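To start, the structure under review is shown below, and the notes come after it.
No value in this document is a laboratory result; all are computed from the given coordinates. These figures come from a predicted structure and were not determined experimentally.
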Amino acid sequence: MTPFIFALFSMSAMAAPPGSDATPGNHPPQAARTRTAGSRGLGLGSSTAGAGISGKYFLTDKTSLQGVLSSWGGWGYSGYVGYRAGLGLNVDYLYEMPVIVEGDAAELAWNIGGGAGVGFFSSATPPWLAAAAVAGLEVAFKPVPIELVLEYRPTLWLSPGPAFGLFGATGHLRYFW
């Protein structure tokens with residue numbers, strides 16, 4: 001795994017498209033927008049409430065909101081909720097932490113925060129409500145503004161009855177503009 005990570009962050013051939021004025025340390029304009037105030041990302045992802053369309057908006061350089069609108073509810077912890085067809089919505093508030101490693105092709109950073117999720121299944125079933133902590137690793141690619149995120153997400157289910165899931169994991173793949 002270590003050789004892969006080293007290769008990912010040291011690939012200078014992908015750092016700048018032909019004909020651009022980007023040099024190492026002076027990245028193309030689209031790369032700089034991934035983790036800055038006002039940047040927006042849209043793609044696919046999963047959350048406490050299921051998997052579906054994932055969005056992220058940077059409020060500042062250090063904070064962001066991410067959300068997932070899901071067309072089905074898995075809730076990540078099938079022993080408690082099970083898999084049910086329905087609609088889920090999750091919103092997280094994240095603190096964007098400093099970059100851990102930066103190279104010409106990508107940067108590795110992390111975030112931490114919390115959020116809430118709700119799932120609506122059938123009219124006969126009450127909505128499912130949950131609160132979750134989030135700790136994520138983010139790989140932001142520089143040649144194209146794409147972010148790959150893997151998250152650890154311990155979750156407290158509040159409704160229809162209390163339960164705790166310590167081993168939740170989610171992920172996102174988003175394009176930024």
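Brief remarks on what is shown
- Computed over region 109-152, the range of Cα coordinates on each principal axis works out to 49, 21, 11 Å, biggest value leading.
- Prolate/oblate/rounded call for region 81-177, Cα gyration tensor, a/c under 1.5 rounded: prolate
- Net lengthening on full extension, residue 93/residue 71 (0.36 nm per residue, minus Cα-Cα): 5.8 nm
- Short-range pairs are left out: with C-alpha atoms under 8 Å and at least six residues apart, the relative contact order of region 100-142 is 47 percent.
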